[in-house]
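Trainee: Would you mind keeping the following structure in view while I ask a few things?
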Amino acid sequence: MHGDTIHVLRQCSPALGDPPMKLVPLDKPDLIDLAGQWLGREENYKWLDFGDGVHPLSLVSLRIMAQRDLHVLRMFTAHDCDLPIGIVALSDIRRQWKTAGSLWAVLGRKRYGGLTARAVSQLLTFGFVELGLEAVSAWTVECNVASRRVLEQLGFRYVGRQRRRHWIDGRPHDRLLYDLLATEHHEIPDFYVHRAAGVSLATPHLAPRTVARRPRDGRGPPLDAA
């Protein structure tokens, strides 16, 4: 394997009738290694915190997370091929309380930024339907505008702020808190993916109807949160 490629996967070649994106469990060494590469990039891990501050997640920790019931980790593919393009995850899952305390996503291939919301939407459907969750929480760093827009697009509600909670390059940032109930979730349909596929992560396309409330400062929501 070299860089971000996995040899067994075919190349993307969009065509009419291509299958929708898939969520793939991290149950193979090559997928875990690829996920580890993405999580090792500062541009990705600086937005994350797995309980002990901002730093790269080790492969050992990632393997443990992939095997524990507290987490649901999925690699997601493009809608037109089997190429992995990012990771979506539910963490701190408490089945007895029907909650997930954290939702996060990392985009490994930036050209597919417009597909992140669709992948997260699929994972939320899995959490609410298959796991029986009633509520999912998420947080994001205030300055991560792209992630804030994804959360808004998915219908998350802004519920609060943790001040000076996240540190990047020695500077403090606020975290914005969101949640979503099972009754509020509406999965993004496949046809929307084809419209959004060419949109970059920096300027994600917003759905026609946004349910989430903006924070009081009006600057709008962050999703790479753990």
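Trainee: Condition test on ASP52, is it under 23 Å from VAL141 (Cα atoms) and surrounded by fewer than 18 Cβ atoms within 10 Å (Cβ to Cβ)?
Mentor: When the stated conditions are applied, ASP52 passes them.
Trainee: When the residues of the range 74-100 are narrowed to those that are within 19 Å of GLU130 (Cα to Cα) and over 14 Å from the mean Cα position of the chain (by Cα), which ends up most open to solvent (accessible area, probe 1.4 Å)?
Mentor: TRP97
Trainee: Are there any pairs, at least 6 apart or on different chains, whose C-beta atoms fall under 7 Å, with the first in the range 51-62 and touching a residue at least 60 places away in the same chain (Cβ under 8 Å) and the second open to solvent by 50 Å² or more (accessible area, probe 1.4 Å), and if so, which?
Mentor: VAL54/LYS46; VAL54/TRP167
Trainee: Additional query: Across the range 138-185, which residue is least open to solvent (accessible area, probe 1.4 Å) among those that are among the polar types (S, T, N, Q) and assigned to a strand (DSSP E or B)?
Mentor: My answer is THR140.
Trainee: Now a separate question. Here is a list of conditions, (1) more than 16 Å from SER102 (Cα to Cα); (2) open to solvent by less than 50 Å² (accessible area, probe 1.4 Å); (3) in a loop (DSSP other than H, G, I, E, B), and LEU70 meets all of them except one; can you say which number that is?
Mentor: Exception for LEU70: condition (1).
Trainee: Among LEU107, LEU34, LEU57, LEU39, which is surrounded by 14 or more Cβ atoms within 10 Å (Cβ to Cβ), over 19 Å from SER147 (Cβ atoms) and hydrophobic (A, V, I, L, M, F, W, C)?
Mentor: Answer to the check: LEU34.
Trainee: Check the range 90-111 and report whether any residue there is more than 20 Å from HIS55 (Cα to Cα) and either acidic (Asp, Glu) or assigned to a helix (DSSP H, G or I) (or both).
Mentor: yes
The values are calculated or read from the model by the stated rules, or taken from the named source; none is laboratory data. Source: prediction; values computed, not measured. Cβ coordinates were reconstructed from backbone atoms using ideal geometry, including for glycine residues, and neighbour counts include every protein chain displayed. Just so you know, the surface numbers come from the protein's heavy atoms only, side chains and all, with ligands and any DNA or RNA stripped out. Shrake-Rupley method; radii C 1.70, N 1.55, O 1.52, S 1.80 Å.
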